[in-house]
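Enquirer: Shown below is the structure under consideration.
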Amino acid sequence: RHHPSLTALRLTKTYCTEAILEEAVGGNHRLTSLGVADTPMADAALEQLSTLVATSPSLTALSLTGCELGSAAGHGLASGVAAATALKLPLAHLALQNNLLESSAAVALARALRGNDTLHQLTFYNNPGIEPAAHHELHEAHEQVKRDYRQTDAGRAAARGGGRDGPRGKGVVRDLLD
């Protein structure tokens, strides 16, 4: 925990409980990228991770794919994104596909995106509990973020091919809501 040299972590198909994950990354404000894939955490609330999203001046990419995350995690992450939005933190990529998130989490995330101009890459597909209306609301909120992002210096640089996201702002995490 708080290891100064840990700036990126990717875990795939591991036996990683919520407690182990949060002990590894909780409070690490030097972490820039965290990816956890195909690691079941069905009952996880991810409180420490949500706090990290809400407070980290360094975290730019978070991927929690195929982790069986449910409503508690979805709402916690939405709270973290809302705080990050208010503080203008740099989270630019969020991948939550292939989980068990529900409509209420999608709506909470859509509301958390209001005023955000950094989270321009979001993947949220294959969450069978998200109804079409909630998916549409999240999609529209994300479209607004992308429009606002294109008005920022970083967004203009990315559109010219000079930003770290490359041409037209497409980076490592594809925006699959288009």
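The values are calculated or read from the model by the stated rules, or taken from the named source; none is laboratory data. All values reported here derive from a predicted model rather than from experimental measurement. Please note: Cβ atoms are built from the backbone with ideal geometry, for glycine as well, and neighbour counts cover all protein chains shown. Note: accessible area is taken over every heavy atom of the protein model, side chains too, but ligands, DNA and RNA are not part of it. Shrake-Rupley method; radii C 1.70, N 1.55, O 1.52, S 1.80 Å.
Enquirer: On the principal axes of its Cα set, how long, how wide and how thick is the range 1-58? Give whole Å, largest value first.
Expert: Taking max minus min along each principal axis of the Cα atoms, the range 1-58 gives 28, 19, 15 Å.
Enquirer: Quick one: check the C-alpha center-to-center distance for the range 1-52 versus the range 82-96, whole angstrom.
Expert: Spelled out, the Cα-based centre of one part sits 16 Å from the other.
Enquirer: Still on this model: Mind checking which helices in the chain clear 18 Å along their axis (Cα) and have mean Kyte-Doolittle hydropathy of 1.0 or more, DSSP H runs only?
Expert: Once both thresholds are applied, what remains is 71-87.
Enquirer: For Arg30 paired with Asn126, estimate the spin-label separation in nm (one decimal), with each label point 7 Å from Cα along the Cα-to-Cβ line.
Expert: 3.4
Enquirer: Now, a different point. Percent of accessible area on the chain owned by carbon and sulfur, 1.4 Å probe?
Expert: Answer for the chain is 54 percent, counting heavy atoms of protein chains only.
Enquirer: For the chain, what is the mean residue ellipticity at 222 nm derived from helices alone (per DSSP H run of n ≥ 4: -39500 (n - 2.57); sum divided by total residues; nearest 500 deg cm²/dmol)?
Expert: Mean residue ellipticity, 222 nm, calculated: -12000 deg cm²/dmol.
Enquirer: Per 10 Å bin from zero, what fraction in whole % of the C-alpha pairs of the chain is there, up to the bin with the longest pair?
Expert: Calculated over all Cα pairs of the chain, the distribution is 11, 41, 37, 11, 0 percent.
Enquirer: Taking the Cα centre of the chain as origin, work out the dipole magnitude from +1 charges on Lys and Arg Cβ and -1 charges on Asp and Glu Cβ, in debye rounded to 20.
Expert: For this selection, approximately 860 debye.
Enquirer: At 0.36 nm per residue, minus the direct Cα-Cα distance, what do Asp153 and Ala133 gain on full extension? Give it in nm, one decimal, please.
Expert: That works out to 3.9 nm of additional length.
Enquirer: Per residue, how large is the accessible surface of the chain? Use a 1.4 angstrom probe and give square angstrom.
Expert: That works out to 47 Å² for each residue.
Enquirer: Roughly how much of Thr65 is accessible, in Å² to the nearest 10, using a 1.4 Å probe?
Expert: Rounded to the nearest 10, the figure is 20 Å².
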